[in-house]
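In what follows, a single structure is set out as structure tokens and then discussed.
What follows draws every value from the coordinates through simple rules; no lab data is involved. Everything numeric here is computed off the predicted structure, so don't read it as measured data. Here the Cβ positions follow ideal geometry from the backbone for every residue, glycine too, while neighbour counts run over all protein chains shown.
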Amino acid sequence: MVSSMKRTKFIRRYGSWALIAGGSQGIGEAFARELARKGVNLVLIARREELLKKLADKLEKEYEIKVRILSIDLAEDNFIEEIRKITDDIQVNLLVYNAAIIPIGSYFKSDLEEQFRVINVNCRGPTILIDYFGRKMIEKGKGGIILISSMAGLQGTPINVHYAATKAYNIVLAEGLWYEMRNFGVDVIVSITGSTATPNYIATKPDNPGIFVPKPLKPSTVAKKSLANLGKKPRIIPGISNKIASFFVQKILSRKQAIKLIGRSTYNMYGRNE
């Protein structure tokens, strides 16, 4: 359990309510548990209501916090209206955007409608929530925003082409906002994750990716490292092996070599889907 002094310090800086988009399982659930330990009340948003209810009950009983849930599809046009309804009477000063659509397979296996769903959830979703809650944070002069990105967004990534492109958007978005919003007392960080042992990742049954792809991290590691570095730097790559892999791909290899290496790895993992 987090000490009362640390809990008080965290809540003083980031408020007593946090909203987690994609907060029902995996990395989102890990963030929910870490924030609950700090005494932060939660608004959890995801599509599957049964998972949200189950997690909310556990967190309320174990940590004696308040949890509000909202089952919603962040690809829909008017999702912000539903979020307003359950947050208008509270001050959300910490936003964690973990929701994402991750189509696996060649780009042209998905139709245009699915491609726009990827953009809506992975890019439009965080943009809308940052605009809505970020303005309130600036007005209060405090707050924090955490975007969950991916090492796939550091270069072109075959079989995850569009997902990788949207994750690159999140990296650059967060880095720019880190500079702009710090002048208003709001901290921003992007967590650039590698493979993480979430239920969704495990369900894809990835084959052997080769020696250059680090082993999956625990979701709790991502959450702990991201929260620990909020307010200290604009971006973090959780996990030592991920940092080494990132350095090798970005600093040692040429762009062409990096894309080829990542391409071979993703084909090793998911080439059966082609």
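Output the pairs from LYS215/LYS243; LYS6/LYS136; LYS61/LYS224; LYS6/LYS232 with a Cα-Cα distance over 19 Å in this structure; if there are none, say none. Result: LYS6/LYS136; LYS61/LYS224 exceed 19 Å.
What does the helix-only formula give at 222 nm for the chain: each DSSP H stretch with n ≥ 4 adding -39500 (n - 2.57), the total divided by the residues, and the result rounded to the nearest 500 deg cm²/dmol?
Taking each H run of at least 4 residues, the total per residue is -15000 deg cm²/dmol.
Can you give the angle from 0 to 90° between the axis of helix 26-37 and the longest principal axis of the chain, with both taken from C-alpha atoms, to the nearest 10? Rounded to the nearest ten degrees, it is 30.
The magnitude of the dipole of the chain, with charges of +1 and -1 set on the Cβ of Lys/Arg and Asp/Glu and taken from the Cα centre, is near 1360 debye. For the chain, the mean projected area of the C-alpha convex hull, equal to one quarter of the hull surface, is 14.1 nm². Averaging the sequence gap over all C-alpha pairs within less than 8 Å and six or more residues apart, then dividing by the number of residues, gives the chain a relative contact order of 18 percent. In this simple spin-label approximation, SER241 and LYS109 carry label points 7 Å from Cα along the Cα→Cβ vector, and these lie 2.5 nm apart. Quick check: net charge around VAL188, other residues with Cβ under 12 Å of its Cβ, Lys/Arg +1 and Asp/Glu -1? Surrounding charge for VAL188 is +1.
Length gained on full extension, PHE116 to GLU49, computed as 0.36 nm times the residue gap minus the Cα-Cα distance: 21.7 nm. For the chain, the longest principal axis of the Cα atoms and the long axis of helix 255-270 meet at an angle of about 80 degrees.
Inter-label distance, LYS224 to SER71: 3.3 nm, where each label sits 7 Å from its Cα along the C-beta direction. Maximal additional length on extending the ARG255-GLU81 stretch stands at 58.4 nm, based on 0.36 nm per residue less the C-alpha distance. Looking at segment 1-97, the GluC sites (Glu not before Pro) that sit in a DSSP loop and have at most 16 other Cβ atoms within 10 Å of their own Cβ are GLU64, GLU76. Report the residue, chosen from GLY194, GLY105, GLY134, that carries the largest GNM mean-square fluctuation when the chain is represented by alpha-carbon nodes joined by springs under 10 Å. So, out of GLY194, GLY105, GLY134, the one fluctuating most is GLY105. Going 7 Å from the Cα of ARG264 along its beta-carbon direction, which residues of segment 139-179 have the amide nitrogen within less than 19 Å of the resulting point? Flagged as within label range: 152, 155-160. In loop segments of segment 212-241 as defined by DSSP, the trypsin sites (Lys or Arg not before Pro) with at most 10 further C-beta atoms inside 10 Å of their C-beta are LYS232. When the alpha carbon gyration tensor of segment 1-138 is reduced to an equivalent ellipsoid, the three semi-axes, largest first, read 28, 17, 13 Å.
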